[in-house]
1. Can you give the Kirkwood hydrodynamic radius of the range 164-276 from its Cα pairs, in Å with one decimal?
2. Would you calculate the separation in nanometres between label points at ARG540 and ARG284, each defined as 7 Å from the Cα along the Cα-to-beta-carbon direction?
3. With the Cα gyration tensor of the range 529-599 in hand, convert its eigenvalues to equivalent ellipsoid semi-axes via √(5λ) and list them largest first in whole Å.
4. Using only protein heavy atoms and a 1.4 Å probe, report how much of ILE80 is accessible, in Å² to the nearest 10.
5. How much of the pair distance distribution for the range 39-149 lies past 26 Å, counting alpha-carbon pairs only, in percent?
6. Quick one, what does Rg over Rh come out to for the range 618-683 if you take C-alpha atoms and the Kirkwood Rh?
7. Count charges around ALA206 for me, please; just the other residues with Cβ under 12 Å from its Cβ, Lys/Arg as +1, Asp/Glu as -1.
8. Cα to Cα, under 22 Å, and not fewer than 8 places away if on the same chain: which lysines meet these conditions relative to LYS376?
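The values are calculated or read from the model by the stated rules, or taken from the named source; none is laboratory data. Computed from a predicted structure; not experimentally measured. Ideal geometry is used to build each Cβ from the backbone, glycine not excepted, and the neighbour counts take in all protein chains shown. Side chains are part of the model used for accessible areas, which takes the heavy atoms of the whole protein and leaves out ligands, DNA and RNA. Shrake-Rupley method; radii C 1.70, N 1.55, O 1.52, S 1.80 Å.
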Amino acid sequence: MTAPRSGAPAPAPPPADDDLWQAAVRAHARGDFAAAIARYRQVLAAAPGHADAAINLAAALRAGGDHDAALAASSAALAIDGSRAQAWFNHANLLRDRGDAAQAEAAYRRALALDATLFQAATNLANLLARQGRTAEAAALHQAALAAAPANLPSLRALARLHYEQGDHAAAEARCREALALAPADADARLTLGVVLRARGRDDEAIACWNAVLRETPDHGAAHNNLGVLRRLMKQPQEAVRHLRIAARRDPHDALTAANLAHALLDLGAVGEARAIAAAVVARHPDSADGHLMLGFAQAYGGEAGPAVASFLEAHRCAPAAGAAISNALFASLYDGERDAATTCALHRELAARIAPAAPARRAWPNPRTPARRLKVGYLSPDLRSHPVASFLEPVLAHHDARAVEVFCYSTTHAPDATTARLRTLAHAWRDCRGMDDAPLAARIAEDGIDILVDLAGHTAQNRAAVLRAKPAPVQALYIGYPGSSGLPEMDWVIADDEVSPPSLDRLYSERVLRLPGSFWCYRPPPDAPAPEAAPRHARGRLTFGSFNALQKLSAAVVALWARVLAAVPGSCLALKSLAFADPPTRAAVARRFAAAGVAPERLVILPPTAPEAFLAEYRQIDIALDPFPYNGGTTTCDALWMGVPVVTLAGDRFCGRMGVSLLHRVGLPDLVAADADAYVRIAAALAADPARLDDLRAGLRARMAASPLCDGRRAAAELEQAYRTMWRDWLDGSRHP
């Protein structure tokens, strides 16, 4: 006698009242669960030992939505006859649905002990174990289920996902294709195949998979969501928003889909709508980590660093295992002008230590302990693409001495492009790690025998802090991608120079600081940069200050100081440019902030976003650039100098607030560095009043910069190689003398 597997009634040998039994089974079969339940109970009242009636009663109660009563009925059925594998399987499903993982596991195992061929029990148990992180056991059970039933589609799908999560994308693809051979129209298998193909760098095939799902089901939410996320990563925000709006309409209460839509809107500069969506998610789901994360992003983009930090920490409260929330909070704290340097440092030390490591941190490494041998140096980054980090790294990779270092690049970028392809040719070994989870990535770095792992992300987007916490290399250093300390206990060094981080700031780092003698920076000028033109004041008759920094850098203190600069230079105006200015409400809010500081509307020019190739030409519209604080411009300042635009900066008390100091010293303009706010105003006003000097700078800054350490890739590579050698010998000394 077989009990129902998915709510359908099973026939049984007739009890004393065969008519009543048959009526119960017929009601159950047509979905009239209330009638079926009543008749099964009548059967049991007449024949309390009728196991089939008890089993079917549990199934009908579950189908009718009364899980507590179903569990009680299932327990009663097992008390009548505990020898049936199917009954234990049904009972396990009820326990699983109630969230009782331990008892559900025991019941599944009892079912398999009674009938090893009951592949559904193996499949469900495997899925249960996978949710607990017991992936090896889960994979073995799925394999056993497939051995018993090769056409077991759920196990094929689940095994494909497990292979994907473990970084075995070839095996994942094979399982997906097996599933599709059995069921060509199976949407789940095709969705998973698209994810796997995406991880293997075959974006066009991934898009084809998801579009195939949409041909069958045009409003399929998951397919639209996947396409939206990929289009966003491919820098196609309009298409991303189109797909994600459909996904959000399909499932308006899904927090992750709403967060993805909000993020795509931020890419378009639609800060107001993104924030409204995120706030609605948080209102509906106060414990949604995705909602709080997205709200934090919207606040950060809108220049509200303090509230953004609070939202990210709330996301961490909702999902303590999610290191991304911590990293976002730490990154946002760099923009917060209300926090002093010591407080920001303490926050990094406290929170970074909470990021869960991908694996227990290594304490021993098999690397050959030879001081002078060629070192294996690994660069880890999500930004080996058209991105400022790649621009600063490329000259270094191009000039590394192959006799001194063997370069490995671990690229986790989700959107490889022409820059990625160019960088790939400069590395001895290139590891495409997109889609690879943290644990397999850490294992791969260790297997490669990396001596010095150089992280280029810190706490920026898509970082791999969990990998760094696993300490896959004996020496780990932070370079370029994060302007300050990581706070991670496993990071050994941060690479800087004497201006961006003088010895007096060493107390602000959990790492030791290694200062390059020439410069922390190595700028690669865009090859298509237009030539500087005459200063715009000649044509306009008034001087234009400007800043092309992100809106989140425009703190209240920045607005107030820039208003003082404008007041000190009558008739001048201020031009601002940021992606967020695509959003009309955001432009209006910024205008109100400056108006409150005393800046008349006609003295504020808000420039709309432009295509990347037209960005540098916009510097022709400003005479003098103003550097924000406490988070200075980096690439933005380099771009301004390359276009002949001098920059006035305020020397801060932390790494991110001294980037302008470092850059201006390297191009021989230390007089444009202000020690305090009053000096900032005096320097800007004096420069504005010196048209001859402005013209000289406009004409000669590019040549001056090209001849400086900032654009000397050979210098940067040689200094880094010496730094790596110092780190290596230091580690050897420490490892010999713990």
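1. Details: mean 1/r = 0.0694 Å⁻¹.
Hydrodynamic radius (Kirkwood, Cα pairs) of the range 164-276 is 14.4 Å.
2. 4.5
3. Values: eigenvalues 94, 60, 23 Å².
Rounded to whole Å, the semi-axes are 22, 17, 11.
4. Using a 1.4 Å probe on the heavy atoms, I get roughly 70 Å².
5. Working: 1258 of 6105 pairs.
That fraction is 21 percent.
6. Working: Rg = 10.8 Å, Rh = 11.6 Å.
With Rg and the Kirkwood Rh in hand, the quotient comes to 0.93.
7. Values: positive: ARG190, ARG198, ARG200, ARG202, ARG231, ARG434; negative: GLU173, ASP203, ASP204, GLU205.
Summing Lys/Arg as +1 and Asp/Glu as -1 gives +2.
8. The qualifying lysines are LYS471.
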